[in-house]
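Okay, so here's the structure we're looking at.
Just so it is clear, none of the values below were taken in a lab; they were calculated from the coordinates. In this text the structure is predicted, and so the values were computed from the model without any measurement. With ideal geometry, Cβ positions are generated from the backbone for all residues, glycine too; neighbour counts draw on all protein chains shown.
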Amino acid sequence: MLKLNDISTYYGNIQALKNVTLEIEKGEIVTLIGANGAGKSTTLMSISGMVPPRTGDVLFEGRSIYQMNPNQIVAQGICQVPEGRRIFPYLSVLENLDMGAFLRNDKAEIEKDLEYVLGLFPILAERRHQAGGTLSGGEQQMLAISRALMARPRLLLLDEPSLGLAPLVVKRIFEIIAKVNSENNTTIFLVEQNANLALKVAHRGYVMENGRITLSDSADNLLANEDVRKAYLGI
């Protein structure tokens with residue numbers, strides 16, 4: 001479904017990604033793990049067009065998208081939940097969700113999707129008229145994920161969904177990630193510093209160090225890998 005072909009991405013003269021190649025199949029949850037500053041978030045932003053690669057190519061369903069604008073990439077079926085949530089703080093929960101469906105005009109289906117996301121996160125249904133900025137951190141993360149789902153993405157990019165959240169909220173978020181993948185066959189590319197949780201929910205994983213992919217394997221094999229356990233799982 002998605003293929004990165006030898007991409008290199010820069011911030012000015014600083015090279016953040018170095019000849020990164022990876023693949024994601026339809027229906028998979030694939031995780032990218034690595035230390036802070038390894039280039040994980042830049043990988044997602046290179047896919048979504050926020051920080052386009054300088055060299056290489058990004059293919060979605062066989063079509064090059066790396067020269068497309070972010071809004072065009074969303075229209076192709078790719079949606080990113082950014083690190084830090086980035087909800088609209090002065091808009092209500094419902095208005096934030098409406099923004100997720102901004103590029104759609106199938107009103108009946110939008111209503112169905114609204115019911116679906118409010119069913120996933122009942123607390124959002126309770127707070128539907130509340131300003132997004134007044135929600136707790138966990139509720140804002142739920143809103144950010146729900147807003148992305150309102151675009152009805154075929155590929156969902158999740159950047160550090162557990163960051164700064166209480167363990168019980170993190171558990172719920174990861175349950176929903178697995179549920180969305182299994183119920184809707186939504187393909188998910190997950191960037192996450194909590195490697196243990198990420199590998200437990202994913203089918204496959206990649207390890208990134210200093211802007212390069214250094215290892216790839218099934219999630220189970222990465223969980224059992226001694227180097228991964230020492231470096232990222234604290235074992």
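Would you mind checking the tilt of helix 137-149 against the longest principal axis of the Cα atoms of the chain, expressed as 0 to 90 degrees and rounded to 10?
90 degrees
In debye to the nearest 20, how big a dipole does the chain give about its Cα centre with +1 on each Lys and Arg Cβ and -1 on each Asp and Glu Cβ?
240 debye
What order do you get for D159, D227 when you list them from fewest to most C-beta neighbours inside 10 Å?
So the residues, fewest neighbours to most, are D227, D159.
Would you mind classifying the stretch 1-63 by shape? Square roots of the alpha carbon gyration tensor eigenvalues, ordered a ≥ b ≥ c; an a/c under 1.5 is rounded, otherwise it is prolate if a/b is larger than b/c and oblate if not.
Oblate shape, in that a/c is at least 1.5 and b/c is the bigger or equal ratio.
With an 8 Å cut-off on Cα pairs and a minimum separation of 6 or more residues, tell me the relative contact order of the chain in percent. Numbers along the way, then the final one.
Numbers: 448 pairs, mean separation 64.2, N = 235.
Reported relative contact order: 27 percent.
Computed FRET efficiency, Cβ-Cβ of T214 and R104, R0 30 Å: what is it to the nearest 0.05?
0.15
Determine the sum of side-chain charges near G34: Lys and Arg each +1, Asp and Glu each -1, restricted to other residues whose C-beta is under 12 angstrom from that of G34. Kindly include the intermediate steps, with their values, before the conclusion.
On the way: positive: K40, R212; negative: E160, E192, E209.
Neighbour charge sum, excluding G34 itself: -1.
Kindly state, to the nearest 0.05, the FRET efficiency for D6 paired with K26, given R0 = 35 Å and r defined as their beta-carbon distance. Mind showing how you got there, number by number?
Details: r = 22 Å, r/R0 = 0.63.
Efficiency at R0 = 35 Å is approximately 0.95.
Indicate the gyration tensor shape class of the stretch 108-235 (rounded, prolate or oblate), computed on the Cα atoms with a ≥ b ≥ c the square roots of the eigenvalues: a/c under 1.5 is rounded; otherwise a/b larger than b/c is prolate and the rest oblate.
On the way: a/c = 2.51, a/b = 1.80, b/c = 1.39.
Here the stretch 108-235 falls in the prolate category.
Can you tell me which lysines have their Cα less than 21 Å from the Cα of K40? Leave out same-chain residues fewer than eight positions away.
Partners found: K3, K18, K26, K200, K230.
Going by how many other beta carbons lie within 10 Å of each one, how would you line up F121, F174, F88, F189, fewest first? Walk me through the intermediate numbers first.
Working: F121 22, F174 19, F88 14, F189 25.
Arranged by neighbour count, lowest to highest, F121, F174, F88, F189 become F88, F174, F121, F189.
Determine the calculated [θ] at 222 nm for the chain from helices alone, applying -39500 (n - 2.57) to every DSSP H run no shorter than 4 residues and normalising by the residue count; nearest 500 deg cm²/dmol.
About -11500 deg cm²/dmol.
Taking the chain as the reference, fit the longest principal axis to its C-alpha atoms, fit the long axis of helix 107-120 to the helix C-alpha atoms, and give the angle between the two in degrees, 0 to 90, nearest 10.
Tilt of helix 107-120: around 70 degrees.
Would you mind pulling out the separation of the Cα centroids of the stretch 126-168 and the stretch 52-82, in Å?
22 Å
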